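The structure appears right after this line, and notes come after that.
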Amino acid sequence: MPANILLVEDEPAIQELIAFNLEQAGHHVLRADTAEQGLSLVKNALPDLVLLDWMLPGVSGIDFTRRLRSDERTKTVPIIMLTARSEEPDKIAGLESGADDYITKPFSPRELVARIKAVLRRRAPQMTDDVVDVNGLRLDPTTHRVTAQGRPLDLGPTEFRLLHFFMTHSERVHSRSQLLDHVWGDHVFVEERTVDVHIRRLRSALEPSCHADLIQTVRGAGYRFSVQG
């Protein structure tokens, strides 16, 4: 599934090469030459993943990572650090700052795309094309089809995204504001009660196959997708 990737790299040739290969892989790339520019872009809209050079003019990649991890809004954004530093202490420093992965230059475009896919699968599984199957409820992001016990379900686009997010984050409680950020998108100004409307629509679609009870209301906290009663 295409992801919105923020690329923070100050070398024009490397930035161009990486952006080209990511776009060829189907991703949308936002570019920044400095950490300051990157932070400004993050303020406007959260990316699905940040690809970050360690050695940047001004604020370093390490400091950039620490800033994202210290902010409640950005602390869960996946980060992959790119660097020519190959010594173990450098790798440890990058990971301890909060990076999810570390790629040493030079690297192949195929390795980079594979690492991005692996990090998204781990940190943002709703951004992958992996088929999800829970108790006979099957969702295929590639074909945009949902079946229950083999029978197709008709879901609107928002209900589809909502179900995909739930199924890839089962057993966790999500507040309405968190669901708005992850499903509708950051900086989309929609009332929180809109979530309730789409939850009702989704439950209604799941009712005939007896899957509606998988979406549980947690009083005072939000909603949870769970196979446990």
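With respect to the conditions (1) crowded, with 16+ Cβ neighbours inside 10 Å; (2) modelled with pLDDT of 90 or more; (3) touching a Lys or Arg at 6+ places or on another chain (Cβ under 6 Å), Gly98 falls short on a single one, namely (2). Applying the criterion of being on the phi > 0 side of the Ramachandran plot and not acidic (Asp, Glu) to the residues of region 130-179, the residue that is surrounded by the fewest Cβ atoms within 10 Å (Cβ to Cβ) is Gly150. Among the residues making up region 196-229, those that are touching a residue at least 24 places away in the same chain (Cβ under 8 Å) and among the β-branched types (Val, Ile, Thr) are Ile199, Ile215, Val218, Val227.
Results for (1) under 17 Å from Arg123 (Cα atoms); (2) surrounded by 14 or more Cβ atoms within 10 Å (Cβ to Cβ); (3) in contact (Cβ under 8 Å) with a residue 60 or more places away in the chain; (4) in contact with a Ser or Thr (Cβ under 6 Å, 6 or more places away or on another chain), shown as yes or no for each residue.
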position: Pro47; (1), (2), (3), (4): yes, yes, no, no
position: Trp54; (1), (2), (3), (4): no, yes, no, yes
position: Thr65; (1), (2), (3), (4): yes, yes, no, yes
position: Met81; (1), (2), (3), (4): yes, yes, no, no
position: Ile92; (1), (2), (3), (4): no, no, no, no
position: Thr104; (1), (2), (3), (4): no, yes, no, yes
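Filtering region 180-200 to residues that are surrounded by 15 or more Cβ atoms within 10 Å (Cβ to Cβ) and more than 22 Å from Leu46 (Cβ to Cβ) leaves only Ile199.
The values are calculated or read from the model by the stated rules, or taken from the named source; none is laboratory data. The shown structure was predicted, so the numbers you read here are calculated from the model rather than taken from an experiment. FYI the Cβ positions are ideal-geometry reconstructions off the backbone, even for glycines, and counts take in every protein chain you see.
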